[in-house]
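Chemist: My questions all concern the structure below.
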Amino acid sequence: MKTLNDFNFKNKKALIRVDFNVPLNEKFEVTDNTRIVSAKPTIVKILEDGGSCILMSHLGRPKGAQDEFSLRHIVDEVQDILGVEVKFVNDCVGENAEKAAADLQPGEVLLLENLRFHKEEEAGDKVFSEQLSKLGDIYVNDAFGTAHRAHASTTIVADFFPNNKCFGILLAKEIESIEKVMKTGEKPVLAVLGGAKVSSKITIIENILDKVDHLIIGGGMSFTFVKAQGGKIGNSICEDDKMDLALDILKQAKAKNVQVHIPVDVVAADAFSNDANTQIVDIDKIPDGWEGVDAGPKSLEIFHEVVLQCKTILWNGPLGVFEMESFAKGTIGLGNSIAEATKNGAFSLVGGGDSVAAVKQFGFEDKVSYVSTGGGAMLESLEGKTLPGIAAILE
Ligand code: AMP
């Protein structure tokens, strides 16, 4: 796996795919700069080598060149974070971009305009990719969030740098973290899968059964498993058409010696509302008119013991409707257990959408080993797919 350390960037122009797709408010101010901060180590390393950086990214989903999606809005923020002047050019290919790139001196940073102002970006167009490739000497991909897309800047452009391409620091860390869970992690390995639907996690569950020793199934997903086994789940969310599949998953898990843990008790609410009446009930005896919205205390005790036994932990998906304060205890409890296991030396990776939001919201970000920056890319990695952006560098 080629990384920044395989190159000396002195007097070289690095063409770096970053993920600066950051949220902006109505005044076009960056409201969460995590993604820019995450890209900083790669940029700093190249500048310190004596190279220069040409940064390319998309922002939002523009239809053609729409000023509200211009990356010029974030120049000041990028400059503040990097601590060096950031030049900006109003296109990512063509004469202006080529001139700006050619004029760039060692130690300087240039930000290109939004790649998605050209429809060729998402189409993975070869000619457009070649135009991009003219701007730099070495291609660096540091954008995990788009690594599952075969777009021009994430994948196709790599073809034009057969020997001069590598992963940036952030992307290399993402790949290593996933490898730890999927291949090289110390046993026992645990996956916690929560969230709303079984249907969105089937491929992950099936892929992961070969890699883990323990599997915790929590959140809304668990009710399909409980009902399939004959439990009464009241009004809890359930995918009836996935019940056979749920039973099949349990069978596969048994055959593969994976211990599956499903909540034994739940917080049941009489409405899907933060101030609903609640009661703690066994998960397979939820009264009609009530729905399971969070893991109960007995379940959390069991999960705590499982988590503390494990040396490698993957967490994807909340254990309850954590967006409502009254139903966040399960997710917070699990976060505390994983934090404790991490403190004791386990490796913990949190990834994929809502669990990342939960971890940030409840302050666990610094208490787990790694929080992935890519939602869809993370999920596809867990499904066992080789991401095109990663394959393009490995080829
Ligand atoms: P996912 O995107 O599949 O990870 O699902 C995340 C969503 O699942 C969050 O918005 C949670 O509110 C929701 N969720 C978790 N547990 C439950 C539950 N018991 N009932 C309904 N929704 C749930």
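Chemist: Rounded to the nearest Å, what's the spacing between the alpha carbon centres of the stretch 119-156 and the stretch 305-353? Just the number, please.
Modeler: If we compute the Cα centre of each part, the gap is 35 Å.
Chemist: Further question: Which percent of the accessible heavy-atom area of the stretch 4-171 goes to carbon and sulfur, probe 1.4 angstrom?
Modeler: Numbers: 3120 of 7200 Å².
Of all accessible area on the stretch 4-171, carbon and sulfur atoms account for 43 percent.
Chemist: Compute the accessible area per residue over the chain, keeping the other protein chains in place, probe 1.4 Å, unit Å².
Modeler: 43 Å²
Chemist: Taking amide H positions as placed in the peptide plane 1.01 Å from N, state which residues far from ILE216 in sequence (5 or more) or on other chains have amide H under 5 Å from it.
Modeler: Sorted by chain and number, the residues that satisfy this are ALA191, VAL192, LEU193, HIS261.
Chemist: Counting DSSP beta bridges with both partners in the chain, what percentage is antiparallel, nearest 5?
Modeler: Roughly 20 percent of the DSSP beta bridges within the chain come out antiparallel.
Chemist: Okay, moving on. What residue among GLY376, GLY219, GLY168 has the largest mean-square fluctuation in a Gaussian network model of the chain, using Cα springs under 10 Å?
Modeler: Fluctuation is largest for GLY376.
Chemist: I'd like the carbon and sulfur percentage of the solvent accessible area for the stretch 185-382, probe radius 1.4 Å, heavy atoms only, ligands and nucleic acids excluded. Mind dumping the intermediate values first?
Modeler: Numbers: 3910 of 8140 Å².
Of the solvent-accessible surface of the stretch 185-382, carbon and sulfur hold 48 percent.
Chemist: Additional query: Pop the C-beta distance of GLN259 and GLU68 into the FRET formula with R0 = 56 Å and round what comes out to the nearest 0.05.
Modeler: The value I calculate is 0.65.
Chemist: Also: Which order do PHE167, PHE7 take by accessible area at a 1.4 Å probe, largest first?
Modeler: Correct descending sequence by accessible area is PHE7, PHE167.
Chemist: Just to make sure I understand: if all protein chains stay in place, what is the order of ARG35, ARG72 by accessible area at 1.4 Å, largest first?
Modeler: ARG72, ARG35
Chemist: As a test of the definition: which semi-axes, in Å, follow for the stretch 185-382 when you take the square root of five times each eigenvalue of its alpha carbon gyration tensor? Largest first, please.
Modeler: 24, 20, 15
Chemist: Continuing with the same structure: Return a whole-number percent for the relative contact order of the stretch 253-318, with Cα pairs under 8 Å and 6 or more residues apart as the contact set.
Modeler: Relative contact order here is 31 percent.
Chemist: Sort 383-393, 275-285, 326-336 for me by packing, meaning the mean count of neighbouring Cβ atoms within 10 Å per residue, highest on top.
Modeler: 326-336, 383-393, 275-285
Chemist: Shifting gears a bit: Ordered by residue, what ³J(HN,Hα) values in Hz, to whole numbers, does the stretch 38-53 give under the Karplus form 6.51 cos²θ - 1.76 cosθ + 1.60, where θ = phi - 60° and Gly and Pro are x?
Modeler: Values, residue by residue: 5, 7, 4, x, 5, 5, 4, 4, 5, 5, 5, 5, x, x, 10, 10 Hz.
Chemist: So which residue, out of LEU115, LEU132, LEU104, gets the largest mean-square fluctuation from a GNM of the chain using Cα contacts under 10 Å as springs?
Modeler: With Cα springs under 10 Å in the chain, the top fluctuation among LEU115, LEU132, LEU104 is at LEU104.
Chemist: So how do 175-186, 42-53 stack up, highest first, on mean other-Cβ count within 10 Å?
Modeler: By packing density, highest mean first, the sequence is 42-53, 175-186.
Chemist: Would you mind checking the radius of gyration and Dmax of the chain based on alpha-carbon positions, in Å?
Modeler: 23.1, 71
Chemist: Between ASN207 and GLN361, take the C-beta separation as r, use R0 = 25 Å, and let me know the FRET efficiency to the nearest 0.05.
Modeler: So the FRET efficiency works out to roughly 0.35.
Chemist: What length, rounded to one decimal in nm, is gained on full extension from GLU323 through to SER273, with 0.36 nm per residue of separation minus their alpha-carbon distance?
Modeler: That pair, GLU323 and SER273, stretches by 17.0 nm at full extension.
Chemist: May I ask for the distance between the Cα centers of the stretch 264-302 and the stretch 1-31, given as a whole number of Å?
Modeler: What the calculation gives is 45 Å, centre to centre.
Chemist: So for the stretch 4-93, Kirkwood radius off the Cα pairs, Stokes-Einstein at 4 °C and 1.567 mPa s: how many µm² s⁻¹? Let's see the in-between values first.
Modeler: Values: Rh = 13.9 Å.
Approximately 93 µm²/s, per Stokes-Einstein.
Chemist: OK, next. Please report the Cα spread of the stretch 72-154 along all three principal axes, rounded to whole Å, starting with the longest.
Modeler: Sorted from largest, the Cα extents of the stretch 72-154 read 33, 27, 23 Å.
Chemist: How many percent of DSSP beta bridges within the stretch 16-134 run antiparallel, rounded to 5?
Modeler: Here the antiparallel bridges make up roughly 10 percent for the stretch 16-134.
Chemist: Can I ask one more? ASP91: accessible area at probe 1.4 Å, nearest 10 Å²?
Modeler: Surface open to solvent at ASP91 totals about 50 Å².
Chemist: Here's something else I'd like to know. For ASP240 and GLU395 in one chain, what is 0.36 nm times their gap in residues minus the Cα-Cα distance, to one decimal in nm?
Modeler: The ASP240-GLU395 span can extend by a further 51.5 nm.
Chemist: Sort all Cα-Cα distances of the stretch 4-171 into consecutive 5 angstrom bins from zero, then give the percent of pairs in each bin up to the one containing the longest distance.
Modeler: Answer for the stretch 4-171: a P(r) of 2, 10, 20, 24, 23, 15, 5, 1, 0 percent.
Chemist: How far is helix 243-255 tilted off the main Cα axis of the chain, in degrees rounded to 10, range 0 to 90?
Modeler: Taking the Cα atoms of the chain, the angle to 243-255 is about 90 degrees.
Chemist: Something else about it: Taking 0.36 nm per residue of sequence separation and subtracting the Cα-Cα distance, how much length would be gained by fully extending the chain between ASP159 and LYS10, in nm to one decimal?
Modeler: 51.4 nm
Chemist: Follow-up question, since we're still on this one. Rounded to the nearest 500, what is the chain's calculated 222 nm mean residue ellipticity when only DSSP H runs of at least 4 contribute -39500 (n - 2.57) each, over all residues?
Modeler: Working: 14 runs with 136 residues, N = 395.
Mean residue ellipticity, 222 nm, calculated: -10000 deg cm²/dmol.
The values are calculated or read from the model by the stated rules, or taken from the named source; none is laboratory data. All values derive from a computational prediction rather than experimental measurement. Heads up, the Cβs are rebuilt from the backbone with ideal geometry, glycines too, and the neighbour counts pull from every protein chain shown. Just the protein is used for accessible areas: all its heavy atoms, side chains included, with ligands, DNA and RNA removed. Shrake-Rupley method; radii C 1.70, N 1.55, O 1.52, S 1.80 Å.
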